[in-house]
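The values are calculated or read from the model by the stated rules, or taken from the named source; none is laboratory data. As the structure is a prediction and not an experimental result, all values here were calculated from the model. Positions of Cβ are generated from backbone atoms using ideal geometry, with glycine treated the same way; all protein chains shown enter the neighbour counts. Each accessible area value is taken on the protein alone, full model and side chains, heavy atoms only, with ligands, DNA and RNA left out. Shrake-Rupley method; radii C 1.70, N 1.55, O 1.52, S 1.80 Å.
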Amino acid sequence: MAPMTRSRAANAENKPVDELHVEYYKQRASAGLIITEGSQVSKDAVGYVNTPGIYSKAQVEGWKKVTEAVHNEDGKIFIQLWHVGRMSHPDFHNGELPLAPSAINPNAQSYTPEGFKDTVTPKAMTKEDIKQTIEDFVNAAKNAVEAGFDGVEIHSSNGYLFHQFFNGTSNTRTDEYGGSIENRTRFFFEVLDAMKEVIPQEKIGARFNPSLNGLFGMTMDEETIPTFEYIIKKLNDYNLAYVHLSEPFTDVSEISFAVKHIAKHFRPLYNGTLMINGGFDQKSGNKVIEEGDADLVAFGKLFISNPDLVERFEHNYELAEWDNDTFYTPGKEGYIDYPTFKEKAKHA
Ligand SMILES: Cc1cc2nc3c(=O)[nH]c(=O)nc-3n(C[C@H](O)[C@H](O)[C@H](O)COP(=O)(O)O)c2cc1C
């Protein structure tokens, strides 16, 4: 199950709660491996309303119930560790500017408690900010272990903080974190290296969206794909749980810099376990595995409306449609009220 923000932590502590999160993830425990919604590693890291964190005691206690419930159903669960960087808004930071590699506005929108607002020009991170953020990720990884997670996924994807460092249009730094490919990827590897001191690297995954263009403030250039090729090749020196890649989110057929078939392109570059995501169904998921272009397929939206997706695939049961309107709304509706196929059949 792919990571999906659902914005149900509508409480003062932004903690997961029994009647929502525990139930939601428990219902989906047969996924094999669940990757949770992006969870902010610190107060600074947030950029969307009502997303859960993994930095406070109350949040760890909330997540403990989630992992217990999933483990009781023989499922496995990784938490996605998230820092949105410049995809945030001063409303989340007592009027202070969000952090980013450079002071460049993504010209996007942030989903604040008062609705969507235009992003601002962020504050370029100082060396001290970078050090603190590395510590925040390490702390979050420690908390994840304490909360009983089977592992963590670094959210280095979708235009958020790490992606902002990777990309030359969002990172114009002139220190050792900007300029060359090695420099733009340094922050990610520093986080990874620090994190594997507190959690075995076999329990760390990382997510990338190499051909993201025109969304979340990201614009590709000629160095984008070489940057991701460098990262993926360098990850062969580690022994991560997996590398998780997304197929393009938008039509990139006209973008000369873009790789159109991500799994096919990156599979030969990586020796470890490769997970692919983005628009797959049962047939295309089986195909990408059979063709040897990935080891695992993550399904996102299908899991929103089909908590028993695995069983439905297994028995060729009809799939339920998801409702876009309740992706991020508070409460149970569109969250824990999608029945399994069997429940639905019983009440038909
Ligand atoms: C409601 C929603 C929330 C999402 N939140 C996240 C997130 O927190 N972290 C992340 O990496 N991707 C997130 N994504 C992207 C999904 O993980 C996935 O890449 C995308 O839905 C495409 O896969 P699919 O076609 O199987 O749904 C989200 C997608 C949706 C629909």
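The portion of the accessible surface of the range 18-347 made up by carbon and sulfur, rounded to a whole percent, is 48 (1.4 Å probe; DNA, RNA and ligands excluded).
Counting only protein heavy atoms and a 1.4 Å probe, the range 257-306 has 47 square angstrom of accessible area per residue.
Give me the distance between the Cα centres of the range 43-111 and the range 235-289, rounded to whole Å. The range 43-111 and the range 235-289 have Cα centres spaced 25 Å from each other. Listed cross-link partners LYS64/LYS346; LYS26/LYS301; LYS76/LYS131; LYS283/LYS346; LYS123/LYS332 are compared with a 26 Å cut-off, the Cα-Cα value being larger for LYS64/LYS346; LYS76/LYS131; LYS283/LYS346; LYS123/LYS332.
Note on ASN239 and ALA12: their simple-model spin labels are 4.6 nm apart, each label 7 Å out from Cα toward Cβ.
Taken per residue, the accessible surface of the range 94-140 reaches 52 Å², heavy atoms only and a 1.4 Å probe.
Full extension of the segment from MET4 to ASP325, taken as 0.36 nm per residue of separation minus the current Cα-Cα distance, would add 114.1 nm.
In straight Cα distance, which aspartates and glutamates are under 15 Å from LYS127, not counting same-chain residues fewer than 8 positions off? The reachable aspartates and glutamates, counting only those whose Cα sits under 15 Å from LYS127, are GLU135, ASP136, ASP175, GLU176, GLU190.
Could you calculate the FRET efficiency of PHE189 with SER256 from 1/(1 + (r/R0)^6), where r is the beta carbon distance between them and R0 is 35 Å, rounded to 0.05? Using R0 = 35 Å, I get an efficiency of 0.80. Computed across the range 83-223, the Kirkwood hydrodynamic radius from all distinct Cα-Cα pairs reaches 15.6 Å. Per residue, the average separation of C-alpha pairs within less than 8 Å and at least 6 apart gives the range 18-347 a relative contact order of 14 percent. Of the Cα atoms belonging to the chain, the radius of gyration and Dmax stand at 19.2, 64 Å.
Using C-alpha pairs below 8 Å separated by at least 6 residues, the relative contact order for the range 157-290 is 23 percent. Spin-label model, THR174/GLU290: points 7 Å from Cα along the beta carbon direction are separated by 5.6 nm.
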